[in-house]
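Here is the structure we will look at, set down as structure tokens.
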Amino acid sequence: MPVTADFLVEIGTEELPPKALRDLEQAFANGMVTRLAAAGLGGGTPRSFATPRRLALLVPALAVEQPARTIEKRGPPFKVAFDAAGKPTRAAEAFAAGCGVTVEALEKLETPQGAWLVHRGESTGRAAAELLPAMVAETLAELPVPRRMRWGSRDVEFVRPVHWLVMILGTEVVPGEILGLAAGRTTRGHRFLSQGPLEIAHADDYDTLLREQGFVIADFATRRERVREDALAAGRALGGETVIDEAVLDEVTALVEWPVPVTGHFDDRYLRLPEEVLMATLQGHQRYFPVRGPGERLLARFVTISNLVSRDPEQVRRGNERVVKPRLADAAFFWEQDLRRSLAQRAPALADIVFQRGLGSLADKSARMATLGRLMAPQLAADPDIVDRAARLAKADLLTDLVREFPELQGRMGYYYARHAGEPDTVATAIEEQYLPRFAGDRLAGSAAGQCLALADRLDTLAGVFALGKRPSGNKDPFGLRRAALGLVRTLIEARLDVALPELIAAAVAAQPVKIADRGALASELHDFIVERLRAWYLDGQAPGFAPGDVTTETFEAVRLRAPASPLDFNARLGAVRAFMAMSEAPSLAVANKRIANILKGVKDDVSDRVDPALFEAPEERRLHEVLEGLLALHRADLASRRYGEVLRRLAALRDPVDAFFTAVMVMTDDTAKRHNRIALLRRLRQLFLDVADLSCLNTA
């Protein structure tokens, strides 16, 4: 059994960026675990730690030395290594020298490709303590840090200045220097509550030592749950229920090392503000947790999490109340000022706001949205005038003070301002719903006018940015086009909107104020981009009704090749193909489809589509023809009603006559008339399947 020891590494820093802390923790742990595994050091289940002032990793049972490994190094071909007299050439001597042995110590390796000179030996493993410092340094250098900083006179960089470094293997310090600091065993506890430096005797003591003597809960998940429980308990003590937003919870957890709940109060008059404004102020600006009372109404109370145990909690409470008061006062002032001018009065000023250089102003974008919305309105059972009015007011709330202060409230504040100005409810709702869905899993626009705006907004952005040649590349998508495309297809499919996407794309491209050499080519490229987002949505198992693995690349391609114009139609076909693949007849029919496709691909003759029963020779071809003729009427009816599952279920009954046909009938006979007749029969059969999907794409293994 190899000798093992627990390994601990801790990087002590100034306060790390709270929104990035979890990513930094996970990246550090993943990078180290990958390197340890590659080095053959193994280790048990690792534990990562992250607080505002530290990143750490504890790996139990790490091998203190790499295992010995058998090595095999191939050299030059044998015929190159020795001359005609059997003497070593310079190539053989150089290879032997590189391996640290004589030519006589090398061996001959026989392979099907020929004989080679080979060196076999055993490599002794290196001590873990020799390898670990470089691994830690390399991992830190690869962390996802958008901007690194320097400090002092040192020529080192990290996300924040680093003040201490711990590296312990078992009970021994791992010697090494990282980011200009020598490794040791001394950590630091809470900045204010701890009584001084803490010496770590054993790597496994880390978490307990910090908690019991340093007033630090180093484990992020444990600290997060503590924050949640404390915040909920504090809300109950106020007679309500604390509102826990998961993103705010993460950020608060990343700001504290020893969480202590504090409750506070604000003036009841601020409850007259829209709830979203209160929530944005408390959560977004202050990282406070709001509290709901009976009837789900917000109370004039909040819960915040302090990072220390105060001797005067009342002073801490009053301090937090003082901080939030001017924030709420500003929000109230902005609200009152915004209500003085309606969205209609603000809309003309959109002409002075550039949407995107080359694509005109926000007023231009609003006009294009109105045109696209009117085009879609009849198909979505929306009132064209309502859609037009909502589109022309849709971006006006961007000019209000509250939306400038809280950009995440765009659309929602437009709803409030439209209602206040007496706009129809349908217009106000559509203004809010234009931005839905905002993120994966978000709700969709529910009103017909809102759906028109949501689609028009995304189509215009996609077409405009593509027309400018600013397509996403790699991980770069500054305009959020992938998110826009996914929101587009989600709306069409989940809201069951049966519209022809290529027509909408063509209209959006035609409306762009950009000179486009080939509009058709650009529209086709944009359509392919959207379909690729659709592919990822299905393959990742995010589409409703489809679990991960339900849709494979082959099943998606089988439908894509039929180019359904409507994403809703695409979805129906995909569901039918998935159900078909579960049938026992599927493999045989998929193979037959491939065979038919290959036969038809090789046909050079000009063959009529007419099938003449008089030319049938074998009963198997007559039987196949009769079965096909018998199901045509039902097939067409099901196809017209998009009952694709029924279409494929009925076609599955063709397995036996199809198998019998290929067993008994020679399609490519020398008799031209019979050959053409059989090809026409196969064309008719293949078309029945192609009416749903190209089953020849399916993997039948």
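Whether any residue in segment 68-75 is surrounded by fewer than 17 Cβ atoms within 10 Å (Cβ to Cβ) and in a helix (DSSP H, G or I) is what I want to check. No: segment 68-75 contains no residue that is surrounded by fewer than 17 Cβ atoms within 10 Å (Cβ to Cβ) and in a helix (DSSP H, G or I). Scan segment 549-561 and tell me whether some residue there is surrounded by 19 or more Cβ atoms within 10 Å (Cβ to Cβ), under 16 Å from the mean Cα position of the chain (by Cα) and within 30 Å of ALA590 (Cβ to Cβ). Within segment 549-561, none of the residues are surrounded by 19 or more Cβ atoms within 10 Å (Cβ to Cβ), under 16 Å from the mean Cα position of the chain (by Cα) and within 30 Å of ALA590 (Cβ to Cβ). Being of a type outside the set (D, E, K, R), farther than 23 Å from ILE71 by Cβ, without any contact (Cβ under 8 Å) to a residue 60 or more places away in the chain and not assigned by TED's automatic domain parsing to the domain that holds GLU10 is a property that does not hold for ALA97. Of the residues making up segment 275-290, those that are buried (at least 16 other Cβ atoms within 10 Å of the Cβ) and either farther than 18 Å from LEU232 by Cα or among the polar types (S, T, N, Q) (or both) are GLU276, VAL277, LEU278, ALA280, THR281, GLN283, GLY284, HIS285, GLN286.
Checking each residue in segment 633-658 for being assigned to a helix (DSSP H, G or I), in contact (Cβ under 8 Å) with a residue 40 or more places away in the chain and under 20 Å from ASN677 (Cβ atoms) picks out only VAL658. Here the condition is being modelled with pLDDT of 95 or more and over 23 Å from ALA363 (Cβ atoms); of ARG490, ARG404, ARG419, it holds for ARG490 alone. Taking segment 295-310 as the range and being under 15 Å from ARG226 (Cβ atoms) and out of contact with any Lys or Arg (no Cβ under 9 Å at 6 or more places or on another chain) as the test, the residues that pass are VAL303, SER306, VAL309.
Residues that are part of a strand (DSSP E or B) and either out of contact with any helix residue (DSSP H, G or I) (no Cβ under 6 Å at 6 or more places or on another chain) or without any contact (Cβ under 8 Å) to a residue 60 or more places away in the chain (or both) within segment 44-57 comprise ARG47, PHE49, THR51, ARG54, LEU55, ALA56, LEU57, listed in sequence order.
Residues considered: ALA440, ALA456, ALA418, ALA396. Of these, the only one that is within 24 Å of the chain's Cα centre (by Cα) and surrounded by 23 or more Cβ atoms within 10 Å (Cβ to Cβ) is ALA456. ARG623 meets each of the listed conditions (1) farther than 23 Å from THR555 by Cβ; (2) in contact with a Lys or Arg (Cβ under 8 Å, 6 or more places away or on another chain) apart from (2).
Residue-wise test of (1) among the small types (Gly, Ala, Ser); (2) outside any loop (DSSP other than H, G, I, E, B); (3) in contact with a Leu (Cβ under 9 Å, 6 or more places away or on another chain); (4) at pLDDT below 95.
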position	(1), (2), (3), (4)
ALA445	yes, no, yes, no
LEU455	no, yes, yes, no
ARG458	no, yes, yes, no
GLY464	yes, yes, yes, no
ARG471	no, no, yes, yes
ALA485	yes, yes, yes, no
VAL499	no, no, yes, no
GLU503	no, yes, yes, no
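Selection of segment 375-386 for residues being touching a residue at least 60 places away in the same chain (Cβ under 8 Å) and closer than 19 Å to ARG496 by Cα yields LEU375, MET376, ALA377, GLN379, LEU380, ALA381, ALA382, ASP383.
Condition check ((1) in contact with a Lys or Arg (Cβ under 8 Å, 6 or more places away or on another chain); (2) buried (at least 19 other Cβ atoms within 10 Å of the Cβ); (3) closer than 13 Å to ALA563 by Cβ; (4) not small (Gly, Ala, Ser)) across all residues:
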{"site": "ASP498", "(1), (2), (3), (4)": "no, no, no, yes"}
{"site": "PRO502", "(1), (2), (3), (4)": "no, no, yes, yes"}
{"site": "ALA506", "(1), (2), (3), (4)": "yes, yes, no, no"}
{"site": "ALA510", "(1), (2), (3), (4)": "yes, no, no, no"}
{"site": "VAL514", "(1), (2), (3), (4)": "no, no, no, yes"}
{"site": "ASP518", "(1), (2), (3), (4)": "no, no, no, yes"}
{"site": "TRP537", "(1), (2), (3), (4)": "yes, yes, no, yes"}
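Take ALA85 and tell me if it is farther than 30 Å from ILE178 by Cβ, of a type in the set (A, V, I, L, M, F, W, C), at pLDDT below 90 and assigned to a strand (DSSP E or B). Answer is no for this residue. If you go through segment 138-147 and keep only what is modelled with pLDDT of 90 or more and either β-branched (Val, Ile, Thr) or part of a loop (DSSP other than H, G, I, E, B) (or both), you end up with THR139, GLU142, LEU143, PRO144. Scan segment 344-373 for residues that are assigned to a helix (DSSP H, G or I) and either without any contact (Cβ under 8 Å) to a residue 40 or more places away in the chain or in contact with a Lys or Arg (Cβ under 9 Å, 6 or more places away or on another chain) (or both) and the total you get is 14. Report whether or not THR4 is farther than 23 Å from GLU257 by Cα, under 23 Å from the mean Cα position of the chain (by Cα) and of a type in the set (Ser, Thr, Tyr). Answer is no for this residue.
Scanning segment 387-404 for residues that are of a type in the set (A, V, I, L, M) and either in contact with a Cys (Cβ under 9 Å, 6 or more places away or on another chain) or touching a residue at least 24 places away in the same chain (Cβ under 8 Å) (or both) gives VAL387, ALA390, ALA391, LEU393, ALA394, ALA396, LEU398, LEU399, LEU402.
Considering segment 1-43 alone, what residues qualify as being over 30 Å from GLY284 (Cβ atoms), without any contact (Cβ under 8 Å) to a residue 40 or more places away in the chain and of a type in the set (A, V, I, L, M, F, W, C)? Within segment 1-43, MET1, VAL33, ALA37, ALA38 meet the criteria.
Here the helices (runs of 4 or more DSSP H) wholly within segment 214-290 that include at least 1 residues being at negative phi, free of Cβ contacts under 8 Å to residues at least 24 places away in the same chain and hydrophobic (A, V, I, L, M, F, W, C) are 220-237, 246-253. What are the residues in segment 405-422 that are in contact (Cβ under 8 Å) with a residue 60 or more places away in the chain and within 17 Å of LEU339 (Cα to Cα), if any? Selection gives GLU405, PHE406, LEU409, ARG412, MET413, GLY414, TYR416, TYR417, ALA418, HIS420, ALA421.
Test LYS73 against the stated conditions and say whether it is within 21 Å of THR222 (Cα to Cα) and touching a helix residue (DSSP H, G or I) at 6+ places or on another chain (Cβ under 9 Å).
Answer is no for this residue.
Would you confirm, using the coordinates I've provided, whether ARG678 is of a type in the set (Lys, Arg), within 13 Å of GLU620 (Cβ to Cβ), assigned by TED's automatic domain parsing to the domain that holds LEU624 and assigned to a helix (DSSP H, G or I)? Walk me through how you get there before you give the answer.
Working: of a type in the set (Lys, Arg): yes; within 13 Å of GLU620 (Cβ to Cβ): yes; assigned by TED's automatic domain parsing to the domain that holds LEU624: yes; assigned to a helix (DSSP H, G or I): yes.
Yes: the conditions hold for ARG678.
Only residues that are more than 37 Å from the chain's Cα centre (by Cα) and at pLDDT below 95 were counted across segment 149-169, and they come to 3. Residues in segment 291-306 that are over 33 Å from the mean Cα position of the chain (by Cα) and either modelled with pLDDT of 95 or more or assigned to a loop (DSSP other than H, G, I, E, B) (or both) were compared, and the one that is surrounded by the fewest Cβ atoms within 10 Å (Cβ to Cβ) is ARG297. Considering each residue of segment 195-205 in turn, none proves to be in contact (Cβ under 8 Å) with a residue 60 or more places away in the chain, surrounded by 15 or more Cβ atoms within 10 Å (Cβ to Cβ) and over 22 Å from ALA63 (Cβ atoms).
The values are calculated or read from the model by the stated rules, or taken from the named source; none is laboratory data. Keep in mind that this is a model prediction, so the values were computed, not measured. Note that each Cβ is placed from the backbone with ideal geometry, even for glycine, and that neighbours are counted across all protein chains shown.
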